[in-house]
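One structure below.
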Amino acid sequence: MGHLLSALALLLLTVFAVREARWVNVARYGVSPEWMVLIGLPLAWFLVHRSQRRTGVAGRVVNALLFVLWLGIGGAVTSQVILGWMPSPVRLQRVAATADWPGLLNEILAQWTSWGWRLQQWWLGVQTGGAAR
C-alpha cells in the first residue's frame, strides 16, 4: 500500500507541476488530469495486483479477461480525453427524462465520425508529403 501511495503522490506532483507551469493547456480539453491520476493509478494497480495471484488454466483465463478489461478501460479513458464522447451525468439524466436515447447515440456517433474524418484528412496529408513540410 505504501508503494501505491508513493506512486500516487509522485504522479500528482507531476500533474500539479505541469498545470502550474502551463506546459499543457488542460482547460482546453475540459479534463482534470488530477482525477485521471486518482482514478487510473489505483485501477491499474488493482488489475496488476489481481492478475499476479492466479495460476493454472483458470488463472490464465482470468488474467486474460483482466488484461482485456484493462485495455478497454484504457481505450475508453483515452478516447474520452481526446474526443469527449461520453455524456455527462447531467446529460444522461436529461436524456432519461426525455427518452431521447437515439439523439444521444447520434451525438456520440457524430463525435467519432468527426474524429475519423480528421484522421483520414491527416493521413491523406501524410501520403501526399504534406507532413514533410
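Pairing residues of region 105-133 that are farther than 24 Å from A76 by Cβ with residues that are at pLDDT 90 or above and aliphatic (A, V, I, L, M), at Cβ distances under 9 Å and at least 6 apart in sequence or on separate chains, gives G130/L124.
Restricted to region 83-100, and to residues there that are surrounded by fewer than 11 Cβ atoms within 10 Å (Cβ to Cβ) and assigned to a helix (DSSP H, G or I), the residue that is modelled with the lowest pLDDT is P89. W35 meets each of the listed conditions (1) over 14 Å from the mean Cα position of the chain (by Cα); (2) at pLDDT below 75 apart from (1). When residues of region 112-131 are filtered for being among the β-branched types (V, I, T) and over 16 Å from I82 (Cβ atoms), how many remain? Qualifying residue count for the region: 2.
Condition test on Q111, is it touching a Leu at 6+ places or on another chain (Cβ under 7 Å) and more than 28 Å from L4 (Cβ to Cβ)? The answer is yes for Q111.
The values are calculated or read from the model by the stated rules, or taken from the named source; none is laboratory data. All figures in this text were calculated on a predicted structure; none of them were measured in a lab. FYI the Cβ positions are ideal-geometry reconstructions off the backbone, even for glycines, and counts take in every protein chain you see.
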